[in-house]
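Heads up: the structure comes next, in structure tokens.
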Amino acid sequence: MGSEEVGTYQVDTPLPKEMGSITAARRIARQALAEFGYRGHHEDVLLVVSELVTNALVHGDGPPSLRMRGDASRVRIEVGDDGERLPEPREPGPANGWGLHVVGLLSTGWGISPRDGGKVVWCELEPRLAPIRGSRSEN
């Protein structure tokens, strides 16, 4: 699908329980965002994907799964694992990491949903509007 044809997209993929899954998830997300013309900052989405997959690998159980849904104006990311222990936001920093803090800053909303035998951590992102330089509101 070329950039002139923009529609909804969906990605559902299991990932291996190995740290290389972070790179694979970013590659999958990058391809989906480009293919379907997401107008937001792709790097924000890729960072969120990295954080959620990392958390699933480090703190979850079993292999993670990546699900993405969206279109040019929004994207929903879901990363599931087999662990029943829910993530706990911690004070961000070098000792605890930045994970959910980054997810919260970049997304319009996030949460945790239980599923049979595990959980899904999800978030949604939308393009952020930047101010136009020289507009009256800046003067």
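Quick notes
- GNM flexibility winner over the chain from V102, V48, V121 (Cα, springs under 10 Å): V102
- Entry note: the chain has Rg to Rh equal to 1.02, where both radii use alpha-carbon atoms and Rh is the Kirkwood radius.
- From helices alone, the chain scores -9500 deg cm²/dmol at 222 nm; the rule is -39500 (n - 2.57) for each run of n ≥ 4 DSSP H residues, then divide by the residue total.
A short reminder: the numbers here are calculations on the coordinates, not readings from a lab. Quantities reported herein were computed from a predicted structural model and do not represent experimental measurements.
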